[in-house]
Amino acid sequence: MAPYQVVGQSVPRIDGVDKVTGAARYTADISLPGTLWARALRSPFPYARIVSIDTSKARALPGVHAIITGEDVRGILYSKGLRDVTPLAVDRVRFAGERVAAVAADDLDTAKRAVDLIVVEYEELAAVLDPEAALLDDAPILHPDMMSYDGMHRKLETPSNAFSHEVREKGDVEAGFAEADVIVENTFTMARVHQGYFEPHSCLVWIDDDGRVQVWASNKAPHSLKLAMATGLEMPLEQICVNPVVIGGDFGGKGAVQDEPVAYFLAKRTGRPVRMLMDYTEELTAGAPRHAASITWKTGVNRDGTLVAHKMRAIFNSGAYGGFRPRAALDGAFNPIEPYRVPNLYMESIRVYTNNIPGGQMRASGGPQARFAGESHVDCIARAIGMDPLEFRLKNLIREGEKMATGNSFAEIKAIETLQRGVAAAGYGSPKPPNVGRGIAMHHRAPGSGESVVQVTLAPDGSVTIGTPVFEQGTGAHTVMQQIVAEGMALPPERIGITLLDTDSTPFDSGTGASRVTRIASGAAFQAVEAVKEEVVRLAAELLGWPEERLAVEGEVVVNQSTGERESWAKLLTRVNRTILKQAINRDTGQSPVIGFTAQIAEVEVDTDTGNVTLLRFTSAHDVGTIVNPIGHQGQINGGVVQGMGQGMMEELIVEDGRGTVTSFADYKLPTLLDVPELQTVLVESKTGVGPYQVKGIGELANVPVAAAIANAVEDAVGVRIRDIPITAEKVLRELQRMERGRSGAK
């Protein structure tokens, strides 16, 4: 990799001091005069007709300023992608926890009391909770007006609960099955999981004296929030401004619209700022978690390990709405088969409306579900033909110059090398004690596309400041920008400041997500720095009479490379009383030319008396480009592994009869330091990347294959295959007992 002065160094997080000292301003810290508190009344039923709503007692409560119901928002639909979400339920509720009415009051306690005084008469309807049942011909259509919704990826001929149905196919899959020596079929299921951020959704909405809508919200994509609100509320974009705040964690869950439209209508009704804050019960029972899924794989393989046909059907339980993620489709379902050579395939990914909590966006949406199924199935195929899972992968993974199974092409394919380096570091083939097993899982991802805007300002006082509409939500995006600008200016990173910009100050920016920020923002930051330096050089040539073509900005000074003369650029700006501000827009909306591979190896020990699984060691090998900040990069890997471990071994939003039963983090088990095993990272350097510094993404690589690696290790340890995550002791013990009964011939 190229030697840089700042890029490639483990620079401390620029946001760290403010966060640990309490200076960081989150949405809940923003206070405006006259702010009212709002609270929503939520449905106790998963599916019901609203017969009547009596708000008279609530309106009579002192301190209550406004109450709105579905009648006040009829016809309003919003979302980040598919516009199917209404601010409050209109005529019927579609999931337990849906907002039915909202109150604005002087304080939160009064708002809560008022909500309790609202009387709603429901006619309970037969809920459709199972996605397969929702696909039956006689199932009620939960969104009969869906044909009029904006944002459908593909227009349907008739209304259907299968609102998104994507297909990828190649060759003749049935002919492939006919040629195969062995057919292997499996169905895998994955539970809903919450993103696990510690700051719940929060917003503050104020309609200012000019009639403009001022918004503060824990949303990582402010321009997208602005667009969604403007579109849904049918108002000009310029009438809305989203103001900067710090985001208290995200993992994908802070990109959708939540309470903002409700707060807007209450602010409009009262003429005062309105604050809404979801508590953790609302987050866990009525937020937008990762989709539950059921994925069936059928594979034809020859006894020499050659894959001949794949067929996959992925069903994602979308719950009551589909608009809590950027697109209607969940393309992550197609990802697992891509790096394996197969001539015939048919794959379908279906999102289905049901009367459950709506599914939303979470780190690598669709990827962890699909990878758990796909990489678990790969092990099953290998074992069905008596081949070691490592040998099977080495035989079938694509190599340099080959296309993905779905036809995409990328430069410098390092799947094999990444796998080999990972298993070597993990000691995959070394002896192990009884009931200890090792499992492999692969993943790949290209950095996402988008648009990024970065401003760089040089001031007469010598300060250098980055302006960005990207709100910091824990990934270190601001530190990466700081390093890029510091590298370009040849200054130490601590000399570079950061200013958060509202949505009035820049054109559209995609915000954080899809592992794209370093890819896109590094390009914008680089361009802005170059533009600033060019302006400084022109100014120096004008004021000093030096030849412009021989001038360069080096740190604090402009250097005449012909004579060695040097002059402070801050002094030049002071002479003309001028600030230089340059804005760069990097639009990189196509497919990335490069891709990163991940190979993970889990080592587990299984207690055969209890079924308990202990993760002893975990190795994560990554194909990387230039690493801008090594400590931040490693943090993404470690955090991703722990998050994948949680989803694979303990996390589950349990739903009974359409109602969420997990209501606090006391019941929702997230991994702690006591659960984390020895972590080992292997970095495989690539020559290629994207942007001026040849980078690759990392944010959504380490979390995805973890569950499959653990499941594969469990089978290697004790011979049982768990097809349903999380992998709990109860499930493992049940399968062990079933295996023992099979050996003894008992029923």
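The values are calculated or read from the model by the stated rules, or taken from the named source; none is laboratory data. Bear in mind the structure is a predicted one, so any value in this text is a computation, not a measurement. Please note: Cβ atoms are built from the backbone with ideal geometry, for glycine as well, and neighbour counts cover all protein chains shown.
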Query - Top-ranked residue in the stretch 438-460 [being part of a loop (DSSP other than H, G, I, E, B) and surrounded by fewer than 23 Cβ atoms within 10 Å (Cβ to Cβ); ranked as farthest from the chain's Cα centre (by Cα)] - result: P460
Query raised in the report: If you take the residues in the stretch 539-576 that are under 45 Å from the mean Cα position of the chain (by Cα) and assigned to a loop (DSSP other than H, G, I, E, B), which one is farthest from V529 (Cα to Cα)?
Result: E556
Report task. Among the candidates R325, R313, R272, single out the residue that is part of a loop (DSSP other than H, G, I, E, B) and surrounded by fewer than 22 Cβ atoms within 10 Å (Cβ to Cβ). Result -> R272
Requested in this report: From the list V90, V115, pick out the single residue that is outside any strand (DSSP E or B), within 21 Å of A256 (Cβ to Cβ) and out of contact with any Ser or Thr (no Cβ under 7 Å at 6 or more places or on another chain).
Outcome: V90
Requested in this report: For the stretch 15-22, indicate whether the set of residues that are buried (at least 16 other Cβ atoms within 10 Å of the Cβ), more than 29 Å from A104 (Cα to Cα) and modelled with pLDDT under 95 is non-empty.
Outcome: yes
Query raised in the report: Could you say whether any residue in the stretch 263-274 is free of Cβ contacts under 8 Å to residues at least 60 places away in the same chain and not assigned by TED's automatic domain parsing to the domain that holds L501?
Result: yes
Report task. Out of the residues in the stretch 27-62 that are closer than 26 Å to E121 by Cβ and of a type in the set (G, A, S), state the one that is surrounded by the most Cβ atoms within 10 Å (Cβ to Cβ). Result -> A38
**Report entry** Among (1) in a helix (DSSP H, G or I); (2) of a type outside the set (K, R); (3) free of Cβ contacts under 8 Å to residues at least 24 places away in the same chain; (4) under 19 Å from G646 (Cα atoms) - the single one Q737 does not satisfy
**Finding:** (4)
Query raised in the report: Given R192, R154, R168, which one is of a type in the set (K, R) and buried (at least 19 other Cβ atoms within 10 Å of the Cβ)?
Result: R192
Report summary line: All conditions in (1) in contact with an Asp or Glu (Cβ under 9 Å, 6 or more places away or on another chain); (2) of a type outside the set (S, T, N, Q); (3) crowded, with 24+ Cβ neighbours inside 10 Å are true of I601 except (1)
Report summary line: Those residues of the stretch 275-298 which are within 18 Å of R39 (Cα to Cα) and part of a strand (DSSP E or B) amount to R275, M276, L277
Query raised in the report: On the given criteria, is R325 among the basic types (K, R) and within 22 Å of R399 (Cβ to Cβ)?
Result: no
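Just checking, does the stretch 461-473 include any residue being within 30 Å of K414 (Cβ to Cβ) and either crowded, with 22+ Cβ neighbours inside 10 Å or aromatic (F, W, Y) (or both)?
Let us first name the residues in the stretch 461-473 that are within 30 Å of K414 (Cβ to Cβ), namely 470, 473.
Within this subset, residues satisfying the condition of being either crowded, with 22+ Cβ neighbours inside 10 Å or aromatic (F, W, Y) (or both) are 470, 473.
Yes, some residue in the stretch 461-473 is within 30 Å of K414 (Cβ to Cβ) and either crowded, with 22+ Cβ neighbours inside 10 Å or aromatic (F, W, Y) (or both).
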Report task. Considering each of A293, A364 in turn, give the residue that is modelled with pLDDT of 95 or more, of a type in the set (G, A, S), surrounded by 24 or more Cβ atoms within 10 Å (Cβ to Cβ) and under 30 Å from G232 (Cβ atoms). Result -> A293
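Taking the condition of being out of contact with any helix residue (DSSP H, G or I) (no Cβ under 7 Å at 6 or more places or on another chain) and either aliphatic (A, V, I, L, M) or closer than 23 Å to V182 by Cβ (or both), how many residues in the stretch 311-328 meet it?
4
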Report task. Can you tell me which residue within the stretch 150-170, out of those that are in contact with a Ser or Thr (Cβ under 9 Å, 6 or more places away or on another chain) and assigned to a loop (DSSP other than H, G, I, E, B), is nearest to P46 (Cα to Cα)? Result -> N161
Report summary line: Within the stretch 215-246, the count of residues that are among the β-branched types (V, I, T) and crowded, with 23+ Cβ neighbours inside 10 Å comes to 4
Query raised in the report: Given the conditions (1) assigned to a loop (DSSP other than H, G, I, E, B); (2) surrounded by fewer than 16 Cβ atoms within 10 Å (Cβ to Cβ); (3) small (G, A, S), which single one is not true for G742?
Result: (1)
Query - Residue match in the stretch 389-399 (condition: modelled with pLDDT of 95 or more, polar (S, T, N, Q) and part of a loop (DSSP other than H, G, I, E, B)) - result: no
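Let's see how each residue does on (1) surrounded by fewer than 21 Cβ atoms within 10 Å (Cβ to Cβ); (2) among the acidic types (D, E); (3) over 30 Å from T589 (Cα atoms):
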position: T661; (1), (2), (3): yes, no, yes
position: F665; (1), (2), (3): yes, no, yes
position: E678; (1), (2), (3): yes, yes, yes
position: T681; (1), (2), (3): yes, no, yes
position: N703; (1), (2), (3): no, no, no
position: A707; (1), (2), (3): no, no, yes
position: V714; (1), (2), (3): no, no, yes
position: I727; (1), (2), (3): no, no, yes
Report summary line: Looking across the stretch 461-507 at residues that are charged (D, E, K, R) and not in a helix (DSSP H, G or I), the single one that is nearest to the chain's Cα centre (by Cα) is E472
Report summary line: Selection over the stretch 334-384 where residues are acidic (D, E), part of a helix (DSSP H, G or I) and in contact with a Ser or Thr (Cβ under 8 Å, 6 or more places away or on another chain) yields a count of 0
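From E174, E157, E132, E169, which residue is farther than 30 Å from T663 by Cβ and under 29 Å from the mean Cα position of the chain (by Cα)?
E169
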